[in-house]
1. Averaging sequence separations of C-alpha pairs under 8 Å and six or more residues apart, then dividing by the length of the chain, give the relative contact order as a whole percent.
2. What do you get for the angle between helix 29-51 and the principal long axis of the chain? Use alpha-carbon atoms, 0 to 90 degrees, nearest ten.
3. Do the sum for the chain: with -39,500 (n - 2.57) for every DSSP H run of n ≥ 4, divided by all residues, what is the mean residue ellipticity at 222 nm, to the nearest 500 deg cm²/dmol?
4. Pairs of alpha-carbon atoms within less than 8 angstrom and 6+ residues apart define the contacts here; what relative contact order does the stretch 1-97 have, in percent?
5. What FRET efficiency, computed as 1/(1 + (r/R0)^6) with R0 = 35 Å and r the Cβ-Cβ distance, is obtained for residue 89 and residue 15, rounded to the nearest 0.05?
6. Using just the C-alpha positions of the stretch 1-136 as equal point scatterers, what log10 of I(q)/I(0) does the Debye formula give at each q in 0.12, 0.15, 0.18 1/Å?
7. Dipole magnitude of the stretch 54-168 about its Cα centre, charges +1 at Lys/Arg Cβ and -1 at Asp/Glu Cβ only, in debye to the nearest 20?
8. Using 0.36 nm per residue of separation minus the Cα-Cα distance, give me the extension gain between residue 23 and residue 99 in nm, one decimal.
Amino acid sequence: LHSFPTRRSSDLELAKKEEEIDARNDLTQEEKDAAKKEAQDKAKEATDAINAQPDTVDTPEEAKAAQQVVDAAKDKGVADVKAVNPEAAKKPAAKQAIDDALKAKEEAIDARTDLSDKEKAAAKLAAKNLADAAKKVIDNATTDAEVDAAQTTGTDNIATVNPVAKEA
């Protein structure tokens, strides 16, 4: 039985998947860690199935059967590891909160009858610039806590846009 190269192929696939996950900027560190653990668990399942096969057997039939189990475990392990594709949830949710805050602020500005069109446009631009800045900070955040802080700061900053009517 040749289980060493078989074991190695799932290890190589795991290493490749971990690099791929680490390279994703849309994931927070916590999301990356969870995805890597999932991939490691899938690889371990394959390795455990491979290791469960006997090192020596008495007949060619037993050897063939054991090799089939090993090959199937290897193929399944490689496929399972490749299939790990974490969905970015934290950053998109934070950006949606920023978009929601911006939309609410724009609607509030539009509803004000004491502001001129020019004042409304200037206030909405200020709110949009704050939203864009918050989204940049979210994109650059690496942890859930950093994303939460950027979201809170961004929505708070957007809320502070409160134009004073001068041209009434």
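The values are calculated or read from the model by the stated rules, or taken from the named source; none is laboratory data. Everything numeric in this text was worked out from a predicted model, so none of it was measured. Here the Cβ positions follow ideal geometry from the backbone for every residue, glycine too, while neighbour counts run over all protein chains shown. Areas reflect the complete protein model, heavy atoms only, side chains present, ligands, DNA and RNA absent. Shrake-Rupley method; radii C 1.70, N 1.55, O 1.52, S 1.80 Å.
1. Over the chain, the number comes to 27 percent.
2. 10 degrees
3. Details: 6 runs with 129 residues, N = 168.
When only DSSP H runs of four or more count, the value is -26500 deg cm²/dmol.
4. Numbers: 93 pairs, mean separation 43.2, N = 97.
Normalised by residue count, the contact order of the stretch 1-97 is 45 percent.
5. Values: r = 25 Å, r/R0 = 0.72.
The calculated FRET efficiency here is 0.90.
6. Log10 of I(q)/I(0), two decimals: -0.64, -0.79, -0.94.
7. On the way: 17 positive and 23 negative charges, 153 e Å.
Dipole about the Cα centre, nearest 20: 740 debye.
8. Numbers: separation 76, 0.36 × 76 = 27.36 nm, distance 2.62 nm.
The residue 23-residue 99 span can extend by a further 24.7 nm.
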